[in-house]
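Read through the structure below, which is laid out as structure tokens, and then see the notes.
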Amino acid sequence: MGMATIAGKDVHVNEEGFLTEFDEWDEDVAAELAKNIEVEMTDEHWALIKWLRADYQEKGETATTRRVQTAGGVPTKRQFELFPKKPAKKMAYIAGVPKPKGCV
Amino acid sequence: MKRLLVLGAGTAGTMAVNKLRPLLPRDDWTITVVDSDEAHYYQPGYLFVPFGIYRPEEIVKPKARFMPSGVDLVLGEVDRVEPDDNRVLLMDGTELRYDYLIIASGTTPRPEETPGMADDLGGSVHEFYTFAGATALAEKLRTWEGGRLVVHITEMPIKCPVAPLEFTFLADAFFTEQGLRDKVEITYVTPLEGAFTKPVASKYLGDMLDTRGIRLEGDFMVESIDAEARKLVSFDEREVAYDLLVTIPLNMGADFVARSGLGDDLNYVEVDKETLLSDRYDNIFAIGDASNIPASKAGSVAHFAMDLFPHNFLRHIQGLKMTEPFDGHANCFIETGHGKGLLIDFNYETEPLPGKYPLPGFGPFSLLKETEMNHWGKVMFRWMYWNILLPGKELPLPALMSMAGKETADLS
């Protein structure tokens, strides 16, 4: 756990660089996080990121790629195109929510 | 009379009724269990059947044998739960009313959920998560002459997350003993980044794959299987070719859970992870693999949870707060081949660590280290399962995880 300055803002991050405080997120922070992992944000990216945050607020946990497909309406294939290689991890990183669990 | 209804007489459901029957006065409570299968399978044995270590008939017994007197076992398939009316409908139209409901319907492999996976099932594609699948794979391996063996996990979570690794280690040992190892190329394909879900164990287990000459293909989310060309295709368009694919299909909870509106995306019942009480209904619990708790789907988790559950249940039905929170404790022997095994011990908060696992009068067992004693622990476990665990007797193991003996130097 530590602090980082992202888009001129002091935020709490974990050892992998994920934000740990939901409310420290804003679009400027997200844009810089996206740059860190070389994701070019389009309207489609933003819509998905905002859905992921809203879903996290409602469910208390990060949606898996399966849930992004069934509840969020974005097919897994498309998630891989938008966030190559590791969509679940990359979406969560940019959205300022924890890595999805699923892995226990 | 109050009615307790349990859906599922597998590991968790059987333990629950054996523990609850003596605690609920017979003059006040009936207990009924519904299951569609008369046979109880020792599921940890599925791992050993493909290699001829256990014969199929050694891992199956009639369910009725494990039902205590005073518990009615109803054979039937559940159509749906109607939680607002406190009743369960079976496929044959039978209606079962309840005051309290425990859902213990487990999780099952669903090859049909992945395009192409079912096309060649039993041919060049196999699985060992069912009795029939493990038996068919034994037949296949008996005569298989080598080639590219791919062991594959479709998506997490799966029942017994260490079983695919164990299968891989046992396959390496099996082919070595058959004098075939140089004709078999083994690849381990997983949607995870590494060999296992948790970092410290993942490193140990990943090194063990390396030393056995087993290639790891990580971050692989399968989109489809091309049964004709014999290859796995991922969403990011990677391909892995096989001559024999042993896959762990997508695991899902029972379909009636979805029909009853009680499940998440994978039909797991949404419950509080400490008490196993439904998030929405105050008289419905889900135990064992059927729930969505963020713990391994494994018999050991069901067992530790069932050490605490009866106490909580008794308090809950009296309107009292449940005071024995479950910590997600899991404890798994991992077979590594050639008569050795590993042991891991962990919970919601603490990942598997190296060190010692104390066991009064018998142990300690070594954690995350290959020993013969860990193998014998696993071998003995079959007897303990039938004779101690299922009948609900006490094992001398603490229900909650302990840090005693664990080394924390590997934690960053």
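Per-residue extension of 0.36 nm, minus the Cα-Cα distance of B:L75 and B:D37, leaves a gain of 13.0 nm for this segment.
Secondary-structure-derived ellipticity at 222 nm for chain B, considering helices only, amounts to -6500 deg cm²/dmol, per-run term -39500 (n - 2.57) for DSSP H runs with n ≥ 4.
In the assembled protein chains, B:Y204 presents an accessible area of approximately 80 Å² (probe radius 1.4 Å). Among the protein heavy atoms of the stretch B:331-389, carbon and sulfur supply 61% of the accessible surface, probe 1.4 Å, non-protein parts ignored. The GluC sites (Glu not before Pro) found in the stretch B:300-378 that occupy coil by DSSP, while having at most 11 further C-beta atoms within 10 Å, are B:E349.
Calculated FRET efficiency, B:I53 to B:A229, Cβ-Cβ distance, R0 = 30 Å: about 0.35 to the nearest 0.05. Applying both filters, DSSP loop and at most 11 other Cβ atoms within 10 Å, to the trypsin sites (Lys or Arg not before Pro) of the stretch B:315-412 gives B:K321. Take every DSSP beta bridge whose two residues both sit in the stretch B:138-272; close to 35 percent of them are antiparallel.
When all alpha carbon pairs of chain B are counted in 20 Å bins from zero, the resulting P(r) reads 27, 57, 16, 0 %.
Between B:S69, B:S36, B:S105, the GNM of chain B built on Cα springs shorter than 10 angstrom shows B:S69 fluctuating the most.
In a reduced charge model with +1 at each Lys and Arg Cβ and -1 at each Asp and Glu Cβ, the protein assembly as shown shows a dipole moment near 1540 debye about its Cα centre.
Only DSSP H runs of four or more residues enter the estimate; each adds -39500 (n - 2.57), and after division by the residues of chain A the mean residue ellipticity at 222 nm equals -13500 deg cm²/dmol. Only Lys, Arg, Asp and Glu carry charge here, each on its Cβ (+1 for the first two, -1 for the last two); on that basis the stretch B:333-412 has a dipole of about 300 debye about its Cα centre.
Checking every one of the GluC sites (Glu not before Pro) in the stretch A:7-77 against DSSP loop status and a limit of 14 other Cβ atoms within 10 Å picks out A:E15, A:E16, A:E21, A:E38, A:E40. Within the listed set B:G392, B:G263, B:G70, the Gaussian network model of chain B (springs between alpha-carbon atoms below 10 Å) gives the highest mean-square fluctuation for B:G70.
Listed by chain and number, the lysines whose alpha-carbon sits under 23 Å from that of A:K35, ignoring those within fewer than 8 places in the same chain, are A:K9, A:K50, A:K77, A:K85, A:K86, A:K89, A:K90, A:K99. In the protein assembly as shown, one over the average inverse separation of all distinct C-alpha pairs is 24.2 Å, which is the Kirkwood hydrodynamic radius.
Annotation: for a label point projected 7 angstrom from Cα along Cα→Cβ of A:K85, residues of the stretch B:197-222 with backbone N closer than 16 Å are B:217-221. In this rough spin-label picture, where each label sits 7 Å from Cα along the Cβ direction, the B:R65-B:T135 distance is 1.6 nm. Nearest 5 percent is fine: what portion of the DSSP beta bridges confined to chain B is antiparallel? Of the beta bridges lying entirely in chain B, close to 50 percent run antiparallel. Buried accessible surface for the B/A chain pair comes to about 1700 Å², total over both chains, computed with a 1.4 Å probe. Protein heavy-atom accessible surface, 1.4 Å probe, per residue over the protein assembly as shown: 42 Å². For the stretch B:293-333, a decrease in accessible area of 40 Å² or greater in the assembled protein chains relative to the isolated chain, with a 1.4 Å probe, applies to B:P294.
Ranked by solvent-accessible area (1.4 Å probe, protein heavy atoms only, all chains present), the residues B:T371, B:T211, B:T408 order from largest to smallest as B:T211, B:T408, B:T371.
Relative contact order for chain A using alpha-carbon pairs under 8 Å, separation at least 6, rounded to a whole percent? The normalised contact order for chain A reaches 28 percent.
Against the empirical curve 2.2 N^0.38 Å, the C-alpha radius of gyration of the stretch B:109-250 lands at a ratio of 0.97. Close Lys pairs in the stretch B:109-250 (alpha-carbon distance under 21 Å; sequence gap of 8 or more, or different chains): 4. Placing +1 on the Cβ of every Lys and Arg and -1 on the Cβ of every Asp and Glu, with nothing else charged, gives the stretch A:2-95 a dipole about its Cα centre of roughly 640 debye. For the set A:K89, A:K59, the ranking by accessible area, highest first and with no ligand, DNA or RNA atoms included, is A:K59, A:K89 under a 1.4 Å probe. In terms of overall dimensions, the stretch A:2-95 has a Cα radius of gyration and Dmax of 12.7, 36 angstrom. Between the beta carbons of A:A7 and B:L400, assuming R0 = 45 Å, the FRET efficiency works out to 0.55 to the nearest 0.05.
Exposure check, 1.4 Å probe, all protein chains in place: B:T197 carries approximately 30 Å² of accessible surface. Cross-link partners of B:K321 among lysines, defined as those whose alpha carbon lies under 30 angstrom from its own and excluding same-chain residues fewer than eight positions apart: A:K59, A:K101, B:K2, B:K19, B:K273, B:K297, B:K393. Ranked from largest to smallest solvent-accessible area, with a 1.4 Å probe on the protein heavy atoms, B:D85, B:D92, A:D55 come out as B:D92, B:D85, A:D55. Taken along the Cα-to-beta-carbon direction at a fixed 7 Å, the label points for B:R280 and B:R142 span 4.8 nm.
Here the simple spin-label model places points 7 Å from the Cα toward Cβ, and for B:R3 and B:M384 these points are separated by 3.8 nm. Rolling a 1.4 Å probe over the protein heavy atoms of the stretch B:13-131, with every protein chain left in place, gives an accessible area that is 45 percent carbon and sulfur.
The values are calculated or read from the model by the stated rules, or taken from the named source; none is laboratory data. Being a predicted model, the structure only gives us computed values, none of them experimental. Ideal geometry is used to build each Cβ from the backbone, glycine not excepted, and the neighbour counts take in all protein chains shown. Please note that ligands, DNA and RNA were not included when accessible areas were found on the heavy atoms of the full protein model with its side chains. Shrake-Rupley method; radii C 1.70, N 1.55, O 1.52, S 1.80 Å.
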